[in-house]
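Data first, discussion second: the structure below is written as structure tokens.
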Amino acid sequence: MKLSKPIPVLKSEAKQLAKADNITRTEALNRIAVREGFQAWSDLSANAESKPDEELPPEITAVPLTGALRREAIRIANHAFERALWRMEAENPKLAMKLWDVESYVNNTITEDMLPIETDYGLSLLEAFMIHTALDIAMEADHQAENELG
């Protein structure tokens, strides 16, 4: 599976994320790994070093997505979610990230009634529909944060 950036750049991003969000470097590496479509940094590093790029099928013909197609969908969805939160300048981005369920989003965005669908188009829908999902989650995070204070 092709990473969005070389591993040294991803490690640098994790270092910056750890400092910015006041989290451990391990947690930051794991967040980067999830964004790239892996469950943890150890999975990312093992797969990136040992496997050649996996080719995606030309069409999505079954759901739920599996294998390389699922990993790519998760990577795209995580990246789109983070980008949407950043663009909207969410007030509680850390809480929003905790509320974000990428697995559910991927499972519910590309549905059986859409099949078959070209892979590129199907994956682009994950980005196209993200703003509404990110906005809903950011609002829920704000609501939860407000309840904790009040």
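Structure summary
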{"item": "Unmet requirement for Glu36, which otherwise passes all of (1) out of contact with any Phe, Trp or Tyr (no Cβ under 9 Å at 6 or more places or on another chain); (2) over 19 Å from Pro6 (Cβ atoms)", "result": "(2)"}
{"item": "Residue selected from segment 1-21 under the condition of a type in the set (S, T, N, Q) and touching a helix residue (DSSP H, G or I) at 6+ places or on another chain (Cβ under 9 Å), by the criterion surrounded by the most Cβ atoms within 10 Å (Cβ to Cβ)", "result": "Ser4"}
{"item": "Residue in segment 69-76 that is of a type in the set (Asp, Glu), without any contact (Cβ under 8 Å) to a residue 60 or more places away in the chain and either out of contact with any Pro (no Cβ under 8 Å at 6 or more places or on another chain) or in a helix (DSSP H, G or I) (or both) present", "result": "no"}
{"item": "Selection within segment 32-43 - crowded, with 21+ Cβ neighbours inside 10 Å and either of a type outside the set (A, V, I, L, M, F, W, C) or modelled with pLDDT under 85 (or both)", "result": "Arg35, Glu36, Gly37"}
{"item": "Meets criteria (in contact with a helix residue (DSSP H, G or I) (Cβ under 7 Å, 6 or more places away or on another chain) and part of a helix (DSSP H, G or I)) for Glu82", "result": "yes"}
{"item": "Selected residue [farther than 23 Å from Ala14 by Cβ, charged (D, E, K, R) and surrounded by 13 or more Cβ atoms within 10 Å (Cβ to Cβ)] from Glu118, Glu112, Glu82, Glu91", "result": "Glu91"}
{"item": "Considering residues of segment 95-109 that are touching a Phe, Trp or Tyr at 6+ places or on another chain (Cβ under 9 Å) and under 21 Å from Ala28 (Cβ atoms) only, the residue surrounded by the most Cβ atoms within 10 Å (Cβ to Cβ)", "result": "Ala96"}
{"item": "Residue ID - nearest to Glu36 (Cα to Cα), chosen from residues in segment 93-127 that are within 11 Å of the chain's Cα centre (by Cα) and part of a helix (DSSP H, G or I)", "result": "Val102"}
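The values are calculated or read from the model by the stated rules, or taken from the named source; none is laboratory data. Because the structure is a prediction, the values reported are computed rather than measured. A quick note on method: Cβ atoms are made from the backbone with ideal geometry, for glycine too, and the neighbour counts reach across all protein chains shown.
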